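Derivation of every value follows stated rules applied to the coordinates shown; laboratory data play no part. No experiment lies behind these values; they were computed from the predicted model shown. A quick note on method: Cβ atoms are made from the backbone with ideal geometry, for glycine too, and the neighbour counts reach across all protein chains shown.
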Amino acid sequence: MPVTKKSVKKVAKVAQVAKKVKPTAIAKAGSNQLKAFMEFIRTQGVIGLAVGLVLGGAVSILVKSLVDNVIMPPLGLLLGSAEGLKGLTWTMGTTAAGKPATLQYGIFLNDFINFIVIALVIYALVRLLKVDKLDKK
């Protein structure tokens, strides 16, 4: 890029402005931004949201284990499946290739019951901890 009188003047103006800006002003602006960010985290409940997400994931794993290992085997036994509900299938016929076309409704039932149990556990925790009243203004 060729150096012109115009570009030299622009650089000189930027240098003059930079001399006027003091490092303490930059530090103060950064401090104000940090305070505003911390206030945002406090007022918007970001920490509570993060804790809720982590605990929700842990509860989900725990409830899935309960459903898969405690609830489903007896239900599957009652319904005649050795694999629990996940083993329940319905053979609708055969495909053109000669393979059986099966509808695995047991897996859907297992996931549905898993969802219902997780929803009930979360509902009970919200009611027990009275968190539902925090959002009301």
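Please work out whether the range 45-137 counts as rounded, prolate or oblate from its C-alpha gyration tensor, where a ≥ b ≥ c are the square roots of the eigenvalues and a/c under 1.5 means rounded, while otherwise a/b larger than b/c means prolate and anything else oblate? In terms of gyration-tensor shape, prolate.
Per-residue Karplus couplings for the range 112-125, computed as 6.51 cos²θ - 1.76 cosθ + 1.60 with θ equal to phi - 60°, are listed in order as 5, 5, 4, 4, 4, 5, 4, 4, 5, 5, 5, 4, 5, 5 Hz, Gly and Pro entered as x. Peptides 103-113, 36-46 ranked from most to least packed, by the mean per-residue count of other Cβ atoms within 10 Å: 103-113, 36-46.
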